[in-house]
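First up is the structure itself, then whatever we jot down about it.
The values are calculated or read from the model by the stated rules, or taken from the named source; none is laboratory data. Quick caveat: nothing in here was measured; it's all calculated off a predicted structure. Counting neighbours? That spans all protein chains shown, and the Cβs are built from the backbone with ideal geometry, glycine included. Side chains are part of the model used for accessible areas, which takes the heavy atoms of the whole protein and leaves out ligands, DNA and RNA. Shrake-Rupley method; radii C 1.70, N 1.55, O 1.52, S 1.80 Å.
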Amino acid sequence: MRFNLVLLWKIYGRLIKEIFLTLMIYPGIQLWMLFGFYIKQCMLKGMGRMIKILLIEDDTMIASGICYALEMEGYETCHVTTIADTRKLVGDNKFDLAIIDMQLPDGIGFDVSDLLKNTNTSVIFLTVVDDENTIVKAFDDGAQDYIVKPFRIRELLARVRRIMSVKIDHVKNDNVICIGQAIIHTDEAKVYVNDSVIELTALEYRLLLIFANNKGVLLSRQQILDKIWDIDGNFVEDNTLTVYVKRLREKLGEAINIETVRGMGYRVD
């Protein structure tokens, strides 16, 4: 009887010890994982907010895996399956990155990227379409990356990190101004669209800076004329302003949207 009691004590004593250690250690592990996740989120908040990623993918199994992986990396994700749903979201939300499937139930991936133009949303195409002309068109239209399925999730995450780190660096840099898809490096007096330098004259550059520093503001023609000078320090005439706005539109294309408000002036969103 004594032997059985000793044996039982050894067995149950060891079990109690294991339970005690588990109760003590496991919450610590959870707390450490939570702390690590929080630190990662803080690192990703380089733009002063959580990075938002839009996934447009009609295969729900693939989408669930991607969303899970992105959320574990600390990104805020939103998943839709159609262009129609994307159109509803884009109007009310700002996304830092969109991961787009090329073949969707109600259209193609280029229809989505067209919706995102002038929103400063980076684009990755993630698709089975392995056609050279399609890939070239994607990059010509401003896509930051193009990944062909099947893909490795760690590779996708690495590409996402690379794109977002570049964007965060641009935002952190006080000498960089983003307007639409154009990036102005004020310390270099250079303008980039999709990593390509856009050649502007001194007056065109100053006009763009005026728009960039007044995003969303309706500027009258007179307000612009009061702010802008030609190289010799003379006032720019009203007709000359029209010409320079036209040239700016031609050089920047769809990278920015200079809206003409008839009878009032211009506005850039």
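Before moving on, here are some points about what is shown:
- Within the stretch 192-224, being aromatic (F, W, Y) and assigned to a helix (DSSP H, G or I) holds for Y205, F211.
- Considering the stretch 77-98, the residues that are closer than 16 Å to L157 by Cα and open to solvent by less than 10 Å² (accessible area, probe 1.4 Å) include one that is farthest from the chain's Cα centre (by Cα), namely A98.
- Filter result for I108 (of a type outside the set (D, E) and more than 24 Å from S196 (Cα to Cα)): yes
- T77 satisfies every condition listed in (1) at pLDDT 90 or above; (2) in contact with a helix residue (DSSP H, G or I) (Cβ under 8 Å, 6 or more places away or on another chain); (3) under 26 Å from N257 (Cα atoms) except (3).
- Subset tally (residues that are open to solvent by 50 Å² or more (accessible area, probe 1.4 Å) and among the aliphatic types (A, V, I, L, M)) for the stretch 116-128: 1
- Out of D101, D141, D131, one residue alone is charged (D, E, K, R), closer than 25 Å to D195 by Cα and crowded, with 21+ Cβ neighbours inside 10 Å. It is D101.
- Within the stretch 149-164, the only residue that satisfies the criterion of being open to solvent by 50 Å² or more (accessible area, probe 1.4 Å) and β-branched (V, I, T) is I153.
- Within the span defined as the stretch 232-251, every residue fails to be surrounded by 15 or more Cβ atoms within 10 Å (Cβ to Cβ), in a loop (DSSP other than H, G, I, E, B) and either among the charged types (D, E, K, R) or at pLDDT 85 or above (or both).
- With respect to the stated conditions, G74 is surrounded by 17 or more Cβ atoms within 10 Å (Cβ to Cβ) and within 15 Å of the chain's Cα centre (by Cα).
- The condition of being farther than 27 Å from E259 by Cβ and either within 17 Å of the chain's Cα centre (by Cα) or touching a residue at least 40 places away in the same chain (Cβ under 8 Å) (or both) holds for only one of D195, D141, D145, D187, that being D145.
- Criterion violated by L54 - all others in (1) modelled with pLDDT of 75 or more; (2) surrounded by fewer than 17 Cβ atoms within 10 Å (Cβ to Cβ); (3) under 20 Å from G142 (Cβ atoms) satisfied: (2)
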